[in-house]
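The values are calculated or read from the model by the stated rules, or taken from the named source; none is laboratory data. Just so it is clear, the structure is predicted and the values come from calculations on it, not from any experiment. In this analysis, Cβ positions are derived from the backbone assuming ideal geometry, glycine residues included, and neighbour counts consider all displayed protein chains. Each accessible area value is taken on the protein alone, full model and side chains, heavy atoms only, with ligands, DNA and RNA left out. Shrake-Rupley method; radii C 1.70, N 1.55, O 1.52, S 1.80 Å.
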Amino acid sequence: MGKKKILLIDDEEDIIKMNMLRLVESNYDVISANDGREGVKKAEKESPALILLDVMMPRMDGLQTLVKLKANPGTSHIPVIMLTGIVEQAALNKARVSGAADFIDKPFNAEMLLEAIKKNLTLRK
């Protein structure tokens, strides 16, 4: 079995670079998108095993992106971990109801990220 592919959707280039490095070092294939629209297209094309999705993004935010991913039969099965600096309960509840598999609060460390990925990939086998 090959490496698991992870799609990282975030509008902050530094966050993408830092997390790509962490994930590649942990033996994952990583692709990225800089906004929700691009992320939805890449998810459809690449069929990643898991998606890491930032909540706060311009144009199409993470919640809108999550809803689009979960409404699409081609991507609805992919677990989505929301990366959030938001502690607003209403937003978290909306993400949970919309199908988010997990949440990681920003700032987070590599161990937290890798543990959440491993847990959600194991649940989906």
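Ranked by the mean number of other Cβ atoms within 10 Å of their residues, highest first, the peptides 57-64, 77-84 fall in the order 77-84, 57-64. A simple count of charges around residue 110, restricted to other residues whose Cβ falls under 11 Å of its Cβ and scoring Lys, Arg +1 and Asp, Glu -1, yields -2.
Shape of the stretch 59-125 from its Cα gyration tensor (a ≥ b ≥ c, root eigenvalues): rounded if a/c is under 1.5, otherwise prolate when a/b > b/c, or oblate?
Working: a/c = 1.98, a/b = 1.09, b/c = 1.82.
Note, shape of the stretch 59-125 comes out oblate.
Extension gain for the segment residue 93 to residue 121, taken as residue separation times 0.36 nm less the Cα-Cα distance, is 7.9 nm to one decimal. Dipole magnitude for the chain: computed about the Cα centre from +1 point charges on Lys and Arg Cβ and -1 point charges on Asp and Glu Cβ, it is near 640 debye. With the cut-off at 1.5 for a/c, could you classify the stretch 1-66 from its C-alpha gyration tensor as rounded, prolate or oblate? It comes out oblate by the Cα gyration axes.
Given +1 on the Cβ of Lys and Arg, -1 on the Cβ of Asp and Glu, and no further charges, what dipole in debye does the stretch 5-45 carry about its Cα centre, rounded to the nearest 20? The partial results should precede the final answer.
Values: 7 positive and 10 negative charges, 54 e Å.
My answer is approximately 260 debye.
Using a probe of 1.4 angstrom and keeping all protein chains present, the accessible surface of the chain works out to 54 square angstrom per residue. For the chain, the fraction of 1.4 Å probe accessible surface lying on carbon and sulfur atoms is 53 percent. What the pair-distance distribution of the stretch 6-125 shows, using all Cα-Cα distances binned every 5 Å from zero, is 2, 12, 25, 28, 22, 10, 1, 0 percent.
Ignoring everything except DSSP H segments at least 4 long, calculate the 222 nm mean residue ellipticity for the chain; use -39,500 (n - 2.57) per segment, divide by total residues, nearest 500. Can you show the working numbers first?
Values: 5 runs with 58 residues, N = 125.
Only helices count here, giving -14500 deg cm²/dmol.
Contact order for the chain, expressed relative to its length and based on alpha carbon pairs under 8 Å spaced 6+ residues apart, stands at 22 percent.
Of 45, 5, the order by accessible heavy-atom surface (1.4 Å probe, DNA, RNA and ligands excluded), from most exposed downward, is 45, 5.
In the complete set of protein chains, residue-level accessible area for residue 42 is approximately 70 Å², probe 1.4 angstrom.
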